[in-house]
1. Output the qualifying pairs, or none if there are none: Cβ atoms under 6 angstrom, residues six or more apart or on different chains, first residue in region 254-278 and exposed (fewer than 10 other Cβ atoms within 10 Å of the Cβ), second residue of a type in the set (Phe, Trp, Tyr).
2. Only one of these is over 21 Å from the mean Cα position of the chain (by Cα) and modelled with pLDDT of 95 or more: Gly205, Gly137, Gly112. Name it.
3. State the number of residues belonging to region 112-140 that are aliphatic (A, V, I, L, M), farther than 20 Å from Pro176 by Cβ and surrounded by 14 or more Cβ atoms within 10 Å (Cβ to Cβ).
4. Give the number of residues within region 1-27 that are within 21 Å of Asn85 (Cα to Cα), assigned to a loop (DSSP other than H, G, I, E, B) and among the small types (Gly, Ala, Ser).
5. Among the residues of region 53-63, are any more than 30 Å from Val219 (Cβ to Cβ), in contact with a His (Cβ under 6 Å, 6 or more places away or on another chain) and not small (Gly, Ala, Ser)?
6. Return the pairs, sorted by first residue and then second, in which the second residue is polar (S, T, N, Q), the first residue lies in region 202-228 and is touching a residue at least 40 places away in the same chain (Cβ under 8 Å), the beta carbons are less than 7 Å apart, and the residues are 6+ apart or on different chains.
7. Residues that are among the aromatic types (Phe, Trp, Tyr), touching a residue at least 12 places away in the same chain (Cβ under 8 Å) and assigned to a loop (DSSP other than H, G, I, E, B): does region 28-50 have at least one?
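The values are calculated or read from the model by the stated rules, or taken from the named source; none is laboratory data. Predicted model, so just to flag it, every value in this text is computed and none were measured. Glycine gets a Cβ as well: all are built from the backbone with ideal geometry, and neighbour counts include every protein chain shown.
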Amino acid sequence: MKKYNPTTPGRRGMLIVEYKKALTTSKPHKKLTKGFKRSKGRNNQGRITTRHKGGGNKRRYRMIDFLYNKHDIPARIETIEYDPNRSSFISLVVYADGERRYVIVPKGVKVGDTFIVSEDAPLEPGNRLPIAKIPVGTFVYNIELKQNGGAKLVRSAGSYAQVTAQTYKTTNIKLPSGEVRKVSNKVWASVGEVSNSDHKLVKGGKAGRSRWLGIRPTVRGSAMNPVDHPHGGGEGRQGIGLRRGPKTRHGKQAYGVKTRRKKKYSNHAIVKRRKTKR
């Protein structure tokens, strides 16, 4: 991490990842990028469905390989790059047959290292194999939910899941949220943990840095009028009153309330629910 001297109010307390030490190039591979339009919190009718999104710097989309469908062909890491669309680092890899793809970088891997997607792959960071062949206690990432469906779970910076049990048809994994979940033992997962674990320590230092990322300001409900928020109104600073708990702007309960549907199709796969705040 890099800490700046307090030369300006925005620099005071600013803490960022030292990209010069972690990354090896600043320009992406042009053939694996494309332009795209971010939703900025709007739906297909242009209405705001997610607040506090909008603006931000223009981005190029990097086409990441989450399928990993090149089996038994070793790949070598050529670069480690920054991706503006995700928190983890990505790397350009070249397979033995000459094809290049972008993948998420695991922690502890450097340029020149190799990995392989194979049913008989050794248990080394970056290698990918069926989760049934991964022993209990191993850290994994890029986990599929369905066979050949592509990596869906554990893809953000510094995250990892842990294999906790193996049964005849399923594997239990403990996710970063604390939830223990069953997945089919036919799905594939990568060994290791995702790179850029210092991402959670970043301090922007100023409001403008959030605006560059497309994050708009959040106004406290207690600072609003009663017509705008259930917490609004009152002379001076007020609490939430005699309500049962904190509310959202739309009057629904917030903070620690379970939001999962009671009849969700995957409820049978949850062995232990994640912990919620109170």
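1. Matching pairs, first to second residue: Lys277/Tyr255.
2. Gly137
3. To start, the set of residues in region 112-140 that are aliphatic (A, V, I, L, M) comprises 116-117, 121, 123, 129, 131-132, 134, 136, 140.
Subsequent filtering for residues that are farther than 20 Å from Pro176 by Cβ retains 116-117, 121, 123, 129, 132.
Add one more test, that the residue is surrounded by 14 or more Cβ atoms within 10 Å (Cβ to Cβ), and what stays is 116-117, 121, 129, 132.
Going through region 112-140 one residue at a time, the tally reaches 5.
4. 1
5. no
6. Gly204/Ser210; Trp212/Asn57
7. Filtering region 28-50 down to residues among the aromatic types (Phe, Trp, Tyr) leaves 36.
Still in the list and also touching a residue at least 12 places away in the same chain (Cβ under 8 Å): 36.
Cutting the leftovers down to assigned to a loop (DSSP other than H, G, I, E, B) gives us 36.
Scanning region 28-50 turns up at least one residue that is among the aromatic types (Phe, Trp, Tyr), touching a residue at least 12 places away in the same chain (Cβ under 8 Å) and assigned to a loop (DSSP other than H, G, I, E, B).
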